[in-house]
Amino acid sequence: MEPGRPRILVIDDEEDFIELAQEIFGARGLQVVTARSAEEAESLFEEGPPCGVAIIDYRLPGKNGAEVARRLHAAWPETRIVFLTGDSGAATRIRRQIPSIAACLVKPVEVDSLLNLIGRLLQSN
């Protein structure tokens, strides 16, 4: 961990998205912590300092993103949560299930929009 650099957590089982997130957020000076499954993410909640923002794919192996978000919120209540989903109809359901989330975006996500959103969320923490 590098003091002073904002941390974001990216939870997604798609390696391409993980690599893209590391590249685009890392290039903007953010520390990018990644997890490729719910179990891997949950172990991070116990180990390290909280992240300012968590980007969570709704469909993860083993558990859905809503379950992960509930555990994340219990461990790191200040972390802002952004969901990603490939199902536009699921976005409304996700917002109803977890009203405390900051945003729910439908894949594919425009990189500039995602960067702007994450920047605003980190500033508001």
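The values are calculated or read from the model by the stated rules, or taken from the named source; none is laboratory data. In this text, all values refer to a predicted model and were calculated from it rather than measured experimentally. Don't worry about glycine lacking a Cβ; one is built from the backbone with ideal geometry, like all the others, and counts go over all protein chains shown.
Confirm whether Ile56 is within 14 Å of the chain's Cα centre (by Cα), within 17 Å of Gly86 (Cα to Cα) and not basic (Lys, Arg).
yes
Filter region 26-39 down to residues that are farther than 18 Å from Gly52 by Cα and surrounded by fewer than 19 Cβ atoms within 10 Å (Cβ to Cβ) and give me whichever is farthest from the chain's Cα centre (by Cα).
Across region 26-39, the extreme among qualifying residues is Glu39.
Can you pull out every residue in region 88-125 that is surrounded by 13 or more Cβ atoms within 10 Å (Cβ to Cβ), within 22 Å of Leu20 (Cα to Cα) and not hydrophobic (A, V, I, L, M, F, W, C)?
Within region 88-125, Lys107, Gly119, Arg120 meet the criteria.
What are the residue pairs meeting all of these: first residue in region 102-125, first residue within 21 Å of Gly65 (Cβ to Cβ), second residue part of a loop (DSSP other than H, G, I, E, B) and acidic (Asp, Glu), Cβ atoms under 7 Å, and 6 or more apart or on different chains?
Asn125/Glu78
Tell me, which helices (runs of 4 or more DSSP H) lie completely within region 34-100 with 1 or more residues that are within 17 Å of Ile8 (Cα to Cα) and in contact (Cβ under 8 Å) with a residue 24 or more places away in the chain? Steps first, please.
Working: elements: 38-47, 65-75, 88-97.
Ranges flagged: 38-47, 65-75.
Would you mention how many residues in region 74-87 are modelled with pLDDT under 90 and surrounded by 14 or more Cβ atoms within 10 Å (Cβ to Cβ)?
Adding up the residues that qualify gives 1.
If you check Phe17, Phe45, which single one turns out to be in contact with a strand residue (DSSP E or B) (Cβ under 8 Å, 6 or more places away or on another chain), of a type in the set (Phe, Trp, Tyr) and within 26 Å of Arg93 (Cβ to Cβ)?
When all the criteria are applied, what remains is Phe17.
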